[in-house]
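Peer 1: Sending over a structure as structure tokens; questions will come in a sec.
The values are calculated or read from the model by the stated rules, or taken from the named source; none is laboratory data. Just so it is clear, the model here is predicted, and its values are computed rather than measured. All Cβ positions, even for glycine, are placed from backbone atoms using ideal geometry, and neighbour counts span all protein chains on display. When the accessible area is computed, the model is the full protein with side chains, heavy atoms only, and any ligands, DNA or RNA have been set aside. Shrake-Rupley method; radii C 1.70, N 1.55, O 1.52, S 1.80 Å.
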Amino acid sequence: PPPGRAPVPPDGGWGWAVVFGAFVSIGFAYAFPKGLAIFFKEIQDFFGTSYSEVAWISSIVLATTYGAGPISSILVNRYGSRPVVMFGGLLCGVGMISAAFCTSILQLYICVGFITGFGLALNLQPSVIIIGKYFLKRRPIANGLAMAGSPVMLCTLAPLNQFLFDNFGWRGSFLILGAILLNCCVAGALFRPIGPATASAKNQDALKGKVTEDAVEMSSSTNVPTENKTEEEGEKDCCEKINQYLDFSLFKHRGFLIYLIGNVLMFLGFFAPIVFLAPYAKHTGIDEYSAAFLLSILAIVDMVARPATGIIANSKWVRPRIQYFFSFAIAFNGTCHLLCPLASNYTGLVVYSSFFGLAFGMVCAMLFETLMDLVGAARFTSAVGLVTIAECCTILLGPPIGGTLIDTFGDYKYMFIKCGAVMVLAGTFLFIMNYYNYRVLAKEEKERKAKEEDPKSVRTENEGRNNWNRDTTQVGPELEPLREEQEEVKKEMNGT
């Protein structure tokens, strides 16, 4: 492809190896913090701390994984997905291995919470981003398959952690887990950079160099005093640099803002029910192993739900309306939680877990697909970074708020009702706002066409052309073929 234009996604071939790599690294990034809970009781006894102090380990890992999103995005924009994931895998391994030698809970916060959490953040985003580079037509399927890594890993990690713990204690387990996490480096090695992007970048750098040389020659020949400008230019340069890696103009993008608000709301009720499902089952008098089995049911249903959702979302009926499908999935999730307090016995909880697994899988499979659909693959890297840092706060707050409700009322039902209500609200908000957004976009498209067809003056035609160019750059490479056709038609018209 010509310099500066994104290569066409191959939609297969090596792309499936990339999906496998993403499956592994996304799986670790999501399932690992949840799987750690098995060691908490022992660590709590070992250091003689309260349960809430130990539970912060999971919270810090999750929050770091989401909060370091923008750093991850910047690194991917700068170095590409492969080295970032490999470095992330290395950090995860180092964090867990050093955690095996910790002598205080604070050191565990640093080693497990921050170092491993940061490593997982460097695993999560590049994996999601590279799928958008390798797939366009089959992207929802690829996303669904890669996101299935999370429940598969959760199913494997929970029993594995228990086995490791029984045989090697928590220190030995952390050493072995550190070694297992180094597999993320292998997954990252599969992320082969796509297309001759590097060559075009070199050309651009050479061009930039030449332009600056010319500028220097011109300024020296005219002898204009340039000293007083440098500070302002330096500031401007810095802002431009940040903007180059994290595109803040996305905050003017209507679709992106709608997605952001809806998701931040949704995450207030997204993780809490999973955290409190087993304790709730024990609270109603169910034994520990049966309570733990509820999470396995959830994960198994989730495992099937994600790829299935991907296939449905890719069908020609759903793909154009994927935003509505996503809002339905969130509202469906909320409805499950609202009905959960009605489940009084074990059978009821099994039914709830199955539906929850289905709803959870549906949301997770489309989480990034819907964002890619709104902002286009070109601006997706920045969008993911900005979204995850906003979500990080509500992800941290969700479970503690749920815990406070349980402590206050001594009953779990208010926590489920809170989560359900928040998610139904988020789903409804996304549905209504996306409907409004599509209406406005259609209206703008109509106006633009009317302007282009109106042959009164060349000025409006040029305006139309500029608008069209601006919009295609905003939407990303998805509209590239359309734009080329338009340009050819215009050339023909000019020729006549």
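Peer 1: Please give, to one decimal in nm, the separation of the simple spin-label points placed at I261 and F168, each 7 Å out from Cα toward the Cβ.
Peer 2: Reported label-point gap for I261 and F168 is 4.9 nm.
Peer 1: Any idea how far apart R319 and K252 come out in nm if each label point goes 7 Å out from Cα toward Cβ?
Peer 2: Label-label distance for R319 and K252, simple model: 3.1 nm.
Peer 1: In Å, what Kirkwood hydrodynamic radius results for the range 280-361 from the alpha-carbon pair distances? Walk me through the intermediate numbers first.
Peer 2: Numbers: mean 1/r = 0.0730 Å⁻¹.
It is 13.7 Å.
Peer 1: At a 1.4 Å probe radius, carbon and sulfur cover how many percent of the accessible area of the range 247-449?
Peer 2: Details: 6130 of 8590 Å².
Exposed carbon and sulfur together represent 71 percent of the surface.
Peer 1: At a Förster radius of 22 Å, what calculated FRET efficiency corresponds to the Cβ-Cβ distance of V304 and T156, to the nearest 0.05? Intermediate results must be reported in sequence, preceding the final value.
Peer 2: On the way: r = 16 Å, r/R0 = 0.72.
Using R0 = 22 Å, I get an efficiency of 0.90.
Peer 1: Still on this structure: First measure r as the distance between the Cβ atoms of F20 and F40, then evaluate 1/(1 + (r/R0)^6) with R0 = 45 Å and state the FRET efficiency to the nearest 0.05. Numbers along the way, then the final one.
Peer 2: Working: r = 32 Å, r/R0 = 0.70.
Between F20 and F40 the formula returns 0.90.
Peer 1: Still on this structure, please answer the following. Arrange the residues H253, H283, H337 by how much accessible surface each exposes, largest first, with a 1.4 angstrom probe. Don't skip to the end; give the middle numbers.
Peer 2: Numbers: H253 35, H283 105, H337 0 Å².
Ranked list, largest accessible area first: H283, H253, H337.
Peer 1: Can you tell me what percent of all Cα-Cα pairs in the range 9-194 are more than 23 Å apart? Don't jump to the answer; show the numbers that get you there.
Peer 2: On the way: 6616 of 17205 pairs.
When every Cα pair of the range 9-194 is considered, 38 percent fall beyond 23 Å.
Peer 1: With Cβ to Cβ distances under 9 Å as the rule, what net charge do the other residues near L405 carry (K, R +1; D, E -1)?
Peer 2: Numbers: positive: K418; negative: D407, D411.
With Lys, Arg at +1 and Asp, Glu at -1, the net is -1.
Peer 1: Find the accessible area per residue for the range 9-194; the probe is 1.4 Å, ligands and nucleic acids are left out, and the unit is Å². It would help to have the intermediate numbers written out before the result.
Peer 2: Working: 6730 Å² over 186 residues.
Roughly 36 Å² per residue, with all protein chains present.
Peer 1: Just the number please: accessible area per residue for the range 363-452, 1.4 Å probe, all protein chains included, in Å². Don't skip to the answer; put the middle values down first.
Peer 2: Details: 3900 Å² over 90 residues.
For the range 363-452, the per-residue accessible area is 43 Å².
Peer 1: Carbon and sulfur: what percent of the range 9-194's accessible surface (1.4 Å probe)?
Peer 2: 72 percent
Peer 1: Can I ask one more? Going 7 Å from the Cα of L106 along its beta-carbon direction, which residues of the range 58-94 have the amide nitrogen within less than 18 Å of the resulting point?
Peer 2: Within reach of a label on L106: 60.
Peer 1: Subtract the Cα-Cα distance of S344 and R448 from 0.36 nm times their separation in residues, and report this length gain in nm to one decimal. Before the final figure, lay out the partial values.
Peer 2: Working: separation 104, 0.36 × 104 = 37.44 nm, distance 5.80 nm.
Result for the pair: 31.6 nm of gain on full extension.
Peer 1: Separation of the range 120-141 and the range 55-115 by C-alpha centroid, Å?
Peer 2: If you average the Cα positions of each part, the centres end up 20 Å apart.
Peer 1: So, one more: Calculate, for N183 and D407, the FRET efficiency according to 1/(1 + (r/R0)^6) with r their C-beta to C-beta distance and R0 35 Å; round to the nearest 0.05.
Peer 2: Values: r = 39 Å, r/R0 = 1.12.
It comes out at approximately 0.35.
Peer 1: Roughly how many nanometres apart are two label points built 7 Å out from the Cα toward the Cβ at R439 and Y289?
Peer 2: The two pseudo-label positions are separated by 5.7 nm.
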